[in-house]
Amino acid sequence: MKAFLKQIAASFLGSCLSAGALAAAGFFILVAAVGFFVKALVSEFDKGLYRFGTQTETVPVRSGSVLVIDLSRGFSDSPTFSPANTPGFFSGTKGRFGLLDTILALETARRDDDVLAVLLLGGDFSGGNGFASTVELRDALLSFRAGSEKPVFAYLPSPTYKDYLLATAADEVWIHPFAELPLCGLSSEGLYFKDAFEKIGLGVQITRVGTHKSAVEPLISNTMSAEDRAQRKRLVDAAWNRTLRHILTERASGKDEAGRAALEKNFAEAVASRGLVPAQEAVEKDFVDAALYEDEMLERMTALAGTDEETRTFPQIALEDYLRARGIAAEPPLNAAVPAPAENSVAVVYAEGEIVNGVGSNADVGGQWFSRALRELRGDDAVKAVVLRVNSPGGSVFASEQIRREAELLARTKPLVVSMGDVAASGGYWISVPAEKVFADPLTVTGSIGVFGVLFNLEKLGEKIGVASAAATTGPFAELDTLRRAKTPAEMAVFQKATDDIYGKFLRLVADARGMSVADVDAVAQGQVWTGLHAKTLNLVDEFGGLTDALAFARRAAGLGEDAPVVSVPGEINRLQPLFDLTDDRPAPVAFAGTDFAKNADPATRAFAESLRRLAARLRAFNDPNGLYARLPFDVPAE
């Protein structure tokens with residue numbers, strides 16, 4: 001019988017090994033076939049035969065063209081052709097436009113005799129932008145209008161509130177007849193998993209400092225704390241009041257006092273009693289200028305610009321093509337070496353996403369990669385100043401300190417300026433501390449100076465499935481990092497002391513940088529989240545302004561001209577490069593741009609699914625070697 005069982009086991013093992021070998025062989029054959037296909041495809045790209053996510057040709061800007069900006073692409077702080085904005089080849093997602101690229105394109109188009117007008121083609125881009133960057137884009141559109149006699153039009157088939165906020169910078173706002181204008185107000189919500197974790201047996205213990213450091217609440221609670229609710233309410237009220245004021249200012253332009261009063265009254269009534277305003281009613285109340293089907297919109301654009309005989313529609317150039325045509329941004333060839341910065345240049349370094357320990361990826365800010373990048377810039381004599389663009393809720397304390405240290409050393413040798421985007425909180429604020437000047441938008445989410453620790457254990461899960469555990473130790477703290485059981489009170493005291501120590505160091509770093517006492521910093525810290533407007537009053541930021549304002553200051557601080565060249569870190573890549581880098585062991589870039597998650601789902605389902613995705617991403621980002629984090633209590637933008 002034993003021999004029979006051995007034979008059966010050997011046969012089974014042999015079958016498994018054979019199947020594994022066949023599967024491995026099949027996998028490598030598949031990889032080789034895909035590689036052959038991609039290389040063949042690239043050779044055809046080089047002949048200019050296809051346009052599949054990339055192109056080698058430059059589309060010319062014909063005289064009388066309308067610059068079309070597809071809002072469904074969304075916008076990212078990082079450059080248009082950076083690793084962060086590479087399209088999803090298999091998901092069908094589009095690469096986002098770089099914020100600075102778009103602003104420069106509008107500035108170029110303002111002086112470009114070949115550009116007749118700008119058309120914003122609406123789409124759901126609310127998931128990719130916070131209010132600060134949306135307002136910065138809006139300001140660029142207003143500058144385009146003010147600096148030229150060229151009109152801006154916006155067509156919104158199915159607008160979000162942020163679509164509408166951006167569109168009100170246009171001369172005329174058009175909406176689809178079957179669309180509804182969302183004037184619902186803003187909210188900031190959270191999901192809470194205490195009961196779910198208890199049911200599956202996942203134990204969570206936490207340490208924290210700060211009365212408002214509520215980032216751990218979703219893991220240990222079933223509801224929102226009063227402190228967290230208060231700071232969320234403060235943020236959404238600020239965002240709503242300020243953006244509504246922007247909208248009303250533009251929609252009331254040219255009206256007399258009675259007209260402005262009527263418009264404000266209609267808005268207030270719509271928010272209080274309607275929420276969603278049907279297209280025709282939005283026209284009647286002057287919230288938008290016209291309700292048009294797409295063919296009617298095209299007719300209006302053709303009446304303005306004429307008809308292009310080749311395309312049989314109005315002459316136009318897409319933003320991505322315009323970036324290439326005017327040399328604002330473009331894809332380098334495959335496997336092209338990263339060009340050295342031009343002499344007397346300013347580097348813009350993009351810190352976008354969660355701050356994580358290690359190298360990181362396109363979706364986060366890796367402490368190791370990012371600190372190395374700053375170190376290289378410090379030693380590069382061609383780079384005379386650095387702008388650190390921060391759009392991060394924070395994360396790992398260790399990685400944040402890695403980056404801060406290199407930023408501090410860089411600031412000793414050349415001007416370092418911080419431009420805060422939609423959010424620069426906790427670890428995002430930590431890495432901003434060494435800057436000579438900190439710029440923020442009044443709606444930037446910042447502050448949240450506090451620290452917490454998250455300690456998971458599988459003790460209850462083991463009990464549920466019948467797995468016991470034991471350990472032989474050399475002392476009372478030998479199992480500080482174990483997952484097999486919950487931490488003892490003595491062990492928790494060790495972690496709490498470490499958390500307190502880190503919080504004290506955080507306060508001291510801020511106090512020294514901002515010229516404040518530790519007590520004064522502590523009073524505005526405690527994990528509290530502030531808008532940029534409050535942060536300036538509290539001396540946490542220096543000036544209101546966007547990325548272009550920070551760039552202008554950096555150039556002046558370095559004694560450079562206003563046209564001094566800009567180098568982006570991470571820089572531009574070819575759209576096909578990721579296909580060739582799948583197996584490359586190289587440092588990953590750090591900037592972030594999301595994708596169109598569940599874009600075919602209804603808004604409520606998509607919002608819920610996005611909340612789960614963010615929670616999963618947050619759990620993956622808990623990789624600090626000491627288990628300590630400086631992170632915003634919730635995700636922004638609030639919608």
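The values are calculated or read from the model by the stated rules, or taken from the named source; none is laboratory data. Only a predicted model underlies this, so the values are computations on that prediction, with no experimental measurement involved. Reconstructed Cβ throughout: ideal geometry from the backbone, glycine too, with neighbour counts over all protein chains shown. What goes into the accessible areas is simple: the full protein's heavy atoms, side chains included, and nothing from ligands, DNA or RNA. Shrake-Rupley method; radii C 1.70, N 1.55, O 1.52, S 1.80 Å.
A compact table of results
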quantity	calculated
Relative packing of peptides 269-279, 284-294 - highest average C-beta neighbours within 10 Å first	284-294, 269-279
Using alpha carbons only: equivalent-ellipsoid semi-axes of segment 353-464, gyration tensor based, whole Å	30, 17, 11
Dimensionless Rg ratio for segment 153-297, taking C-alpha atoms and the 2.2 N^0.38 Å reference	1.42
Largest-first principal axis extents of the Cα set of segment 288-404 (Å)	58, 34, 27
Principal axis dimensions, largest first and in whole angstrom, of segment 371-437 by Cα	32, 22, 15
Descending semi-axes in whole angstrom, ellipsoid equivalent of segment 467-563, from the Cα gyration tensor	45, 18, 13
Residue-by-residue Karplus 3J(HN,Hα) for segment 130-140, coefficients 6.51, -1.76, 1.60, Hz, glycine and proline x	x, 6, 4, 6, 5, 5, 5, 5, 4, 4, 5
Filter on 233/285; 265/536; 94/150; 233/536; 194/464 - keep pairs with C-alpha separation over 21 Å	233/285; 265/536; 94/150
Most to least packed among 237-250, 464-477, 429-442, 160-173 [average Cβ atoms within 10 Å]	429-442, 160-173, 237-250, 464-477
Where N is the number of residues in segment 408-465, Cα Rg divided by 2.2 N^0.38 Å	1.81
Cβ-Cβ FRET estimate between residue 271 and residue 472, R0 fixed at 56 Å, reported to 0.05	0.30
Residues of type aspartates and glutamates that residue 199 reaches as a straight line, Cα spacing below 20 Å, ignoring anything fewer than 8 places off in the same chain	217, 459, 463
Compactness relative to 2.2 N^0.38 Å, alpha carbon Rg of segment 501-552	1.26
Volume in Å³ per residue [convex hull over Cα atoms, computed for segment 279-326]	115
Under 5 Å, built H, 5+ apart or other chain: amide partners of residue 425	392, 394
Largest-first ellipsoid semi-axes for segment 457-517, taking √(5λ) over the Cα gyration tensor eigenvalues, angstrom	37, 13, 7
Computed accessible area, residue 355, all protein chains, 1.4 angstrom probe, square angstrom	0
Placed amide H near residue 365: partners under 5 Å, 5+ positions off or other chain	354, 355, 356
